[in-house]
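A short worksheet on the structure shown next.
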Amino acid sequence: MKIVGIDLAGKIENPTGVCLFKNNEIQFKTVYSDEQILDVVSEFKPDIIAIDAPIIRNGIPHVRKADEMLKKYKTLPPNLPGMKTLTVRGSKIAAELKTKYKVIEVFPTATAKILGIYNRDYRETVKKLKINVTNKHELDAYLCCITAKMHLEKKTVTIGDKDGKIVIPAEGAI
């Protein structure tokens, strides 16, 4: 099982966390450009990619049913000024990746809260998970991988409709 988790930044000058998961071994990377992301993915050849970014078919930021349904986990609406750039970038990268790979949208904060490991201080979550990351983006990429792994094990639920779907762990899935 080969999984890539991506905590995508809205702007290329900001860090994007990437987690590569294969046979229970993990590797973390922090990258910036779309090209770097696509290179890491194409070199790894995953079975599934989980992205933390709104993925909207036409790339036009708007609030989807999935966003409304996950408000209790503090999702930010895709049409919020700071989220528009992320939504456009995420939708574009996802569309390109979907030509070769299975891609799902995930929300790491919801994953952490559902699994009972969430802490506002990401370093506390890192301690609980006993992983070695260099920043919060790599932690979120790891949580993307966890969600994708659970998805492959049929321990998730998919929230939303044709306008956009977000995969989260099923309550009591662990």
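Go through (1) 14.6, 39; (2) 14.6, 42; (3) 16.6, 53 and flag the label whose value is the computed Rg and Dmax of the Cα atoms in Å for this structure.
Label (1) holds the value from this structure.
Would you mind telling me the antiparallel percentage of the DSSP bridges in the chain, rounded to 5?
65
Could you name the lysines whose alpha carbon sits less than 23 Å from that of K130, not counting residues in the same chain fewer than 8 places away?
Answer for K130, where 23 Å is the Cα cut-off: K2, K22, K29, K113, K149, K155, listed by chain and number.
For the stretch 1-95, I need the span (max minus min coordinate) of the C-alpha atoms along each principal axis, in Å, sorted largest to smallest.
Computed over the stretch 1-95, the largest-to-smallest principal extents equal 36, 27, 21 Å.
Report the local net charge at T87: Lys and Arg +1, Asp and Glu -1, summed over other residues whose C-beta lies under 13 Å from its C-beta.
Neighbourhood net charge equals +2.
Compute, for the chain, the length of the dipole vector about the Cα centre, with Cβ point charges of +1 (Lys, Arg) and -1 (Asp, Glu) only. Units Debye, rounded to 20.
400
In straight Cα distance, which aspartates and glutamates are under 16 Å from K65, not counting same-chain residues fewer than 8 positions off?
E105, D161, D163
Under the 0.36 nm per residue contour assumption, what length would be gained going from the current alpha-carbon distance of E13 and T85 to full extension?
24.7 nm
Every number here is computed from the coordinates shown, using simple stated rules; none is lab data. Quantities reported herein were computed from a predicted structural model and do not represent experimental measurements. So basically every Cβ, Gly included, is an ideal-geometry build from the backbone, and we count neighbours across all protein chains shown.
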